[in-house]
Amino acid sequence: MSTLGPAMVEAAPSAALRPYVTRLCAYREHYGSPVTRSEAAMPGAVLILAFGAPMEVGGERFTAFTGGLGDRFTVTRVSGPCEGVEVVLTPFGARRLYGLPLRHLTNLTVPVGDLLGPWADMVVGRLAETPSWRERLALADRLLTARIHEEPPLGPEVPWAWARLLASGGRLSAASLAESLGWSHRHLVARFQDQIGLPPKTAG
């Protein structure tokens with residue numbers, strides 16, 4: 001890694017992965033001195049399948065890591081060369097991939113192995129063994145697709161409400177979403193916290 005700075009290559013997720021992943025990016029970061037960034041909250045869950053030097057996230061050091069959605073900025077710091085694949089999961093991709101209610105991951109960063117066990121080590125190992133970035137992206141797509149589709153599908157209601165909320169720029173009220181679905185406000189909030197990790201108002 002003699003060239004300093006960031007480098008990246010993106011690929012569109014395959015059709016089977018597209019409902020669950022909005023971004024696949026192979027990257028490398030190598031700087032002459034540590035770089036600190038303030039990362040804004042986003043409507044997705046970031047999965048970093050990386051190897052090399054660990055990154056500091058919120059003051060803790062991680063190599064391959066993930067978490068749920070958040071409602072605040074996160075400070076990251078890169079102090080050594082690293083590379084891998086960044087995946088931005090939709091809330092529903094994260095819910096199926098991790099197999100647990102996303103409220104348990106809200107505003108958290110955790111090692112990937114804590115959620116996905118040996119599968120995570122296998123994926124990172126295979127990515128590290130694959131020198132071509134395009135092949136890394138294709139490999140990540142195949143492995144994620146297979147893993148996500150092992151889990152039972154989610155109902156259509158919350159994805160529909162989430163799409164409406166995104167399309168409105170967060171302006172739709174929870175009451176209007178609940179009314180459209182024929183749900184109570186309490187039921188809508190419970191389902192959002194399970195599949196998205198945030199209540200509708202905060203998500204908006």
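Things to note:
- Heavy-atom surface of segment 1-136, accessible at 1.4 Å and reported per residue (Å²): 46
- Pairwise label distance in nanometres, Arg77 with Asn107, each label 7 Å out on the Cα-Cβ vector: 2.2
- Only DSSP H runs of four or more residues enter the estimate; each adds -39500 (n - 2.57), and after division by the residues of the chain the mean residue ellipticity at 222 nm equals -10500 deg cm²/dmol.
- Of the residues Cys25, Val124, Gly5, the one whose Cα sits farthest towards the positive end of the charge dipole of the chain is Cys25 (charges of +1 on Lys and Arg Cβ, -1 on Asp and Glu Cβ, taken about the Cα centre).
- Along the chain, longest interval not containing exposed chymotrypsin sites (Phe, Trp or Tyr not before Pro), exposed being DSSP loop plus at most 13 other Cβ atoms within 10 Å: 74-204
- Choice from Ala190, Ala64, Ala163 with maximal GNM fluctuation in the chain (Cα, 10 Å cutoff): Ala163
- Percent RCO, i.e. relative contact order, over the chain, from Cα pairs under 8 Å lying at least 6 residues apart: 22
- In terms of its alpha-carbon gyration tensor, segment 1-108 comes out oblate; a/c meets the 1.5 threshold, while b/c is at least as large as a/b.
- Among Thr66, Thr22, Thr130: highest mean-square fluctuation, GNM of the chain, C-alpha pairs under 10 Å: Thr130
- Accessible surface of the chain [probe 1.4 Å, protein heavy atoms]: carbon and sulfur percent: 54
- When the chain is treated as a GNM with alpha-carbon contacts under 10 Å, the residue of Arg136, Arg28, Arg37 showing the greatest mean-square fluctuation is Arg37.
- Overall, segment 112-204 carries a charge dipole of about 360 debye about its Cα centre when +1 sits on the Cβ of Lys and Arg and -1 on the Cβ of Asp and Glu, all other atoms neutral.
The values are calculated or read from the model by the stated rules, or taken from the named source; none is laboratory data. From a predicted model like this one, the values you see are computed outputs, not experimental measurements. Ideal geometry is used to build each Cβ from the backbone, glycine not excepted, and the neighbour counts take in all protein chains shown. Accessible surface is based on the protein model in full, side chains and every heavy atom, while ligands, DNA and RNA are left aside. Shrake-Rupley method; radii C 1.70, N 1.55, O 1.52, S 1.80 Å.
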